[in-house]
1. Arrange Phe48, Phe7 by Cβ neighbour counts within 10 Å, fewest through most, would you?
2. Could you order peptides 36-47, 84-95 by the average number of other Cβ atoms within 10 Å of their residues, highest first?
Amino acid sequence: MTDAVSFRRMTAADLETVLKIEYAAFSHPWTRGIFQDALNSYDCWLMFEGGQQVGHGVINVIIDEAHLLNITVKPESQGRGLGLRLLEHLMRRAMELKAGVCFLEVRASNQSAYRLYERYGFNEVGRRRDYYPAVGGREDALVMACTLID
């Protein structure tokens, strides 16, 4: 992994590339409308490696709680620690916005994401039955939480 990773806020002008990455990474990606709504309401970020956009993330902070809503690394860039770098950036943003805890949902089948969150310090705290759309039906979400410490 290279250290030439940088971040900047997402804008509406970025949505074409964001959607290409989102649709390549997920079987049930966020839509343009969801991202447009997120831009108006949440903290939305892009990650670049050597000038190329390789990921994005969205967090929401209300009072002292953060909720990680989306974290995506383009498939061909996965497996090199970029997901952890993006997660670390988003958690720093949550702390800057005075969050003391962060929650997230992850597909029960997404073990690589689950391990990433565990590595950062998230713990499983619950399950939401049939939370996600899935091929042939619905899939449970595992709810995870992490205390944020400066």
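Values in this text are rule-based calculations from the coordinates and carry no lab data. The model shown is predicted, which means the values in this text are computed figures rather than measured ones. All Cβ positions, even for glycine, are placed from backbone atoms using ideal geometry, and neighbour counts span all protein chains on display.
1. By the 10 Å Cβ count, ascending: Phe48, Phe7.
2. Sorting 36-47, 84-95 by mean packing, highest first, produces 84-95, 36-47.
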